[in-house]
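Participant: Okay, handing you the structure first.
The values are calculated or read from the model by the stated rules, or taken from the named source; none is laboratory data. Since this is a predicted model, take the numbers as computed values, not measurements. Note that each Cβ is placed from the backbone with ideal geometry, even for glycine, and that neighbours are counted across all protein chains shown.
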Amino acid sequence: MYLWQGHPAVCEYGGYEMLLFLTENRTFGIGMTELLLRRGILTLWAKHDAGAALCGRWDVCGAVLDGQEDLRSAEAVCAVLRQSEPDMPIALLLPAGAIASCDADRLIRESEQDAMMREIASFCTDTCGWRTQMSTYALTIGESPAETRYLGYPLCLAQRELSILRFLFYRAPQTVTSAELLSVCFPENTQRAANLSVQIGRINRRAEEAAGLPLIESVYGKGYRLCGGIVKKQKQA
């Protein structure tokens, strides 16, 4: 998710576990957000200078600073975050051949995007204590649709539908607005609220076909949430 000055998410949203990804490259930020979301890692991305302010507004469990294009700026942000959030794990993405001069917990060298995503996911698991499988007695969400089950039955969901379901699971039992779902699950800004309702309807159809019960309920004028019997959740390794 990309936050710019005045975006409503900066003022209104928050309260859930997130990885902070700071980069000056919008395309790279969107791409990494989508790849990490598929691994079950919710990612808040913004430019370097927004890092310290966002840590104060969101429940951020760790930060990744992209120094591939501007290493000096990334190192300066690392120093600021170390002062304001001394216990927060920080990873630094380095250009090939560069030597870091900041206090990062993990150094990740510039490489192919999927490989960097896997290293960041490893950083989240090892340093931030992140768990990508989420489970209750009724619903289990893994890293892929094949690992997702409802009342013991497999759910045949598309990857983006799985992202919507995962985000609602993170926020349960709270209600999530359409704007928030669109910001987090569609960082490339390609979806509208009307399309979102269609996708949620598809998730419920799949759930009813599999287990005879819907998964998501609409709260008039507010947004969406998981149905009441699913909200007592527990994150598992």
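Participant: Residues being modelled with pLDDT under 85, part of a loop (DSSP other than H, G, I, E, B) and touching a strand residue (DSSP E or B) at 6+ places or on another chain (Cβ under 8 Å): count how many of those fall in segment 37-60.
Facilitator: Of the residues in segment 37-60, 4 are modelled with pLDDT under 85, part of a loop (DSSP other than H, G, I, E, B) and touching a strand residue (DSSP E or B) at 6+ places or on another chain (Cβ under 8 Å).
Participant: Residues of segment 10-36 being within 25 Å of Ala146 (Cβ to Cβ) and either modelled with pLDDT of 80 or more or surrounded by 23 or more Cβ atoms within 10 Å (Cβ to Cβ) (or both), which ones?
Facilitator: Leu19, Gly31, Met32, Thr33, Glu34, Leu35, Leu36
Participant: Given the condition out of contact with any Gly (no Cβ under 6 Å at 6 or more places or on another chain) and assigned to a helix (DSSP H, G or I), answer yes or no: does some residue in segment 126-142 qualify?
Facilitator: Yes, there is a match, as at least one residue in segment 126-142 is out of contact with any Gly (no Cβ under 6 Å at 6 or more places or on another chain) and assigned to a helix (DSSP H, G or I).
Participant: Can Asp59 be described as surrounded by fewer than 16 Cβ atoms within 10 Å (Cβ to Cβ), closer than 18 Å to Val184 by Cα and touching a residue at least 12 places away in the same chain (Cβ under 8 Å)?
Facilitator: yes
Here's the yes/no breakdown for (1) touching a helix residue (DSSP H, G or I) at 6+ places or on another chain (Cβ under 9 Å); (2) assigned to a loop (DSSP other than H, G, I, E, B):
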residue	(1), (2)
Leu81	yes, no
Ala91	yes, no
Gly97	no, yes
Ser101	yes, yes
Ile108	yes, no
Ser122	no, no
Ala146	no, no
Leu157	yes, yes
Pro173	yes, yes
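Participant: With the requirement that a residue be more than 22 Å from the chain's Cα centre (by Cα) and not in a loop (DSSP other than H, G, I, E, B), what does segment 70-79 give you? Don't jump to the end; show me each part of the working.
Facilitator: From segment 70-79, those more than 22 Å from the chain's Cα centre (by Cα) are 70-73, 75-76, 79; that's our starting set.
Within segment 70-79, Leu71, Arg72, Ser73, Glu75, Ala76, Ala79 qualify.
Participant: Determine which single condition Glu24 fails, assuming it passes every other condition in (1) charged (D, E, K, R); (2) assigned to a helix (DSSP H, G or I); (3) touching a His at 6+ places or on another chain (Cβ under 9 Å).
Facilitator: Result: Glu24 fails condition (2) only.
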